[in-house]
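> The structure under discussion is supplied below as structure tokens; questions concerning it will follow.
Since every read-out is calculated from the coordinates, none of them should be taken as a lab result. Note that this is a predicted model, so its numbers are computed, not measured. We place every Cβ from the backbone using ideal geometry, glycine too, and count neighbours over all the protein chains shown.
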Amino acid sequence: MKDKELKEYLRQSLKQEVQHERMEETITLCMEVMREQKAEEKEPRTGFFQYLSDVFRFEGMFILGLQAMTLFLVCMTISAIADVPKYIPVFMPLFVLALMPVFFKSQFYGMSEMEAATRASGAQIILAKLILSGAANLVCMTVLLCFEISLQHSCKEMGQMVLYCLVPYLVCMTAMLRLIRLCRKESIAIYGTLMLGSCVCWGMSAKILPWLYETSAIGLWGMAFVVFAVFFGKEIYFVIEMRKEGKIYGIVT
């Protein structure tokens, strides 16, 4: 079609009278659509427990699998060690180290920025993973303590063994949360070095400072538990506050 013919066709089309009946029908349909949209309820916001369930579906089995594998290796090693109770702290950082693939996944794959742009803030993601990993850790600690009691054939040192589990665990978890909050590129290497270095330090203390694992020193362990529980609690409080504000926990790199 030539330009002149096209112009003539458009001119004739514009000159056609508007079909008022069809126009009124279109207006009525548009008003009905608008009323329906206004009447529809807003989509309910996903609650935290529903979100926790979703995270468990994607990460839960992976967390449990890593913890179960670590527990198996620790129990196999402990069964071959004499004077077991004082070596319990040596193995506790390994349970926290096993969480590295879960907590540092976004940094490892360079997805921190995308994670920050999601509807759920980074703080909410961290909090959900903390709850799931904490539950898995408690189960592992309970199994480990039961295994220790079966080896010792006694519950006399039960209180000490609980502190031997909790103090190193709180130290390592606090260090991990601070590294996530700083969110530097080298934090993964630092985290792995700290966890393995912590194992070495606890092993040296068992060799060099045997008095630290005597019943008379339980007060020191109690004080250490309170101090690091406070630090860990402050980090958890910070995560919760960031979640309420919808902010990411750390710095996007």
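> For a protection proxy built on the mean count of beta-carbon atoms within 10 angstrom, sort 59-67, 89-97, 124-132 highest first, please. It would help to have the intermediate numbers written out before the result.
Details: 59-67: 16.7, 89-97: 24.0, 124-132: 20.8.
With the highest mean Cβ count within 10 Å placed first, the list reads 89-97, 124-132, 59-67.
> I want to make sure I understand the PRE zone here: with the label point 7 angstrom from the Cα of residue 227 toward its beta carbon, which residues in segment 146-171 have backbone N atoms less than 18 Å away?
Once the point is set 7 Å along Cα→Cβ of residue 227, 163-171 turn out to lie under 18 Å by backbone N, inside segment 146-171.
> Now, a different point. Suppose each label sits 7 Å from its Cα in the direction of the beta carbon; what would the residue 208-residue 147 distance come out to in nanometres?
The modelled label-to-label distance comes out at 2.8 nm.
> Calculate, for residue 72 and residue 237, the FRET efficiency according to 1/(1 + (r/R0)^6) with r their C-beta to C-beta distance and R0 41 Å; round to the nearest 0.05.
Working: r = 34 Å, r/R0 = 0.83.
Taking R0 as 41 Å, the efficiency between residue 72 and residue 237 is 0.75.
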